[in-house]
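A.B. asks: Below is one structure. I have some questions about it.
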Amino acid sequence: MLSVADNTGAKKLQCIKVLGSNRKRYARIGDVITVSVKQAVPHSMVKKGEVLRAVVVRTRKETRRPDGSYVRFDDNAAVIVNKENKEPRGTRIFGPVARELRNLGYTKIISLAPEVL
């Protein structure tokens, strides 16, 4: 279960599948996942039960960086993205996101985020 870091109207997401390999069990920062919306605000962009694509922007499991430091967040969060071009569906991003997203080509998410750690 993940929280949502954008303003699409979804509140809780459940990961169905980690994309990229048929044997991948866990998603890390920057991974694209297939999610189901478990909670949503009424009259929003996304509806409860909808199956979407999302990119993981925060994880509780620490991520090692090349300089030897680690980054860890308080929650697991994702941003809902379009299936074709990996652009975020929302217009705002809430909370910090990891710097690793820049290297993976999510520059729009990086520019909308209030803080990049």
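A.B. asks: Leaving out ligands, DNA and RNA, what percent of the accessible area of the chain is carbon and sulfur, probe 1.4 Å?
C.D. replies: 47
A.B. asks: Could you list which residues have their amide H under 5 Å from that of ALA40, counting only those 5 or more apart in sequence or on another chain, with H placed in the peptide plane?
C.D. replies: Under 5 Å from the amide H of ALA40: LYS11.
A.B. asks: Rolling a 1.4 angstrom probe over the protein heavy atoms, how many square angstrom per residue are accessible across the stretch 10-76?
C.D. replies: Using a 1.4 Å probe on heavy atoms only, each residue of the stretch 10-76 averages 68 Å².
A.B. asks: Could you go through the stretch 48-61 in sequence order and give the Karplus-derived ³J(HN,Hα) for each residue, using 6.51 cos²θ - 1.76 cosθ + 1.60 with θ = phi - 60°, rounded to whole Hz, and x for Gly and Pro?
C.D. replies: 4, x, 6, 9, 9, 9, 9, 10, 6, 10, 9, 9, 6, 6
A.B. asks: Where the centre of each part is set by its Cα atoms, how far does the stretch 1-15 sit from the stretch 71-114, in angstrom?
C.D. replies: Going from one Cα centre to the other spans 12 Å.
A.B. asks: Taking the Cα centre of the stretch 7-83 as the origin and placing charges on Cβ (Lys, Arg +1; Asp, Glu -1), which of TYR70, ASN82, LEU19 is farthest toward the positive end of the dipole?
C.D. replies: My answer, from the dipole projection, is LEU19.
A.B. asks: Right, another one. Once amide H atoms are placed 1.01 Å from N in the peptide plane, what residues at a sequence separation of 5 or more from ARG58, or on another chain, have their amide H within under 5 Å of its amide H?
C.D. replies: Here the answer is ALA77, since their amide H atoms fall under 5 Å of that of ARG58.
A.B. asks: When the chain is fully extended, how far beyond the present Cα-Cα distance does ASN103 get from GLU84, taking 0.36 nm per residue of separation?
C.D. replies: Roughly 5.0 nm would be gained on extension.
A.B. asks: Tabulate in residue order the Karplus-calculated ³J(HN,Hα) for the stretch 89-105, using 6.51 cos²θ - 1.76 cosθ + 1.60 with θ = phi - 60°, rounded to whole Hz; enter x for Gly and Pro.
C.D. replies: 3J(HN,Hα) across the stretch 89-105, in whole Hz: 7, x, 9, 9, 10, 10, x, x, 10, 7, 5, 4, 5, 5, 5, 8, x.
A.B. asks: Take the alpha-carbon positions of the stretch 1-59, form their convex hull, and give its projected area averaged over all directions (one quarter of the hull surface) in nm².
C.D. replies: 3.7
A.B. asks: Turning to a different aspect of this structure: So what is the relative contact order of the chain, in percent, for Cα pairs below 8 Å that sit 6 or more residues apart?
C.D. replies: In percent, rounded to a whole number, it is 24.
A.B. asks: Right, another one. Going 7 Å from the Cα of GLU115 along its beta-carbon direction, which residues of the stretch 59-87 have the amide nitrogen within less than 16 Å of the resulting point?
C.D. replies: The answer is 59-60, 71-77.
A.B. asks: What are the lysines whose alpha-carbon lies under 17 Å from the alpha-carbon of LYS47, with same-chain residues fewer than 8 places away excluded?
C.D. replies: Those lysines meeting the cut-off are LYS11, LYS12, LYS38, LYS83.
The values are calculated or read from the model by the stated rules, or taken from the named source; none is laboratory data. Small disclaimer: the values here were computed from a predicted structure and weren't measured. Because the Cβ atoms are built from the backbone with ideal geometry, glycine has one as well, and the counts that use them run over all protein chains shown. The area values use the complete protein model at the heavy-atom level, side chains included, leaving out ligands, DNA and RNA. Shrake-Rupley method; radii C 1.70, N 1.55, O 1.52, S 1.80 Å.
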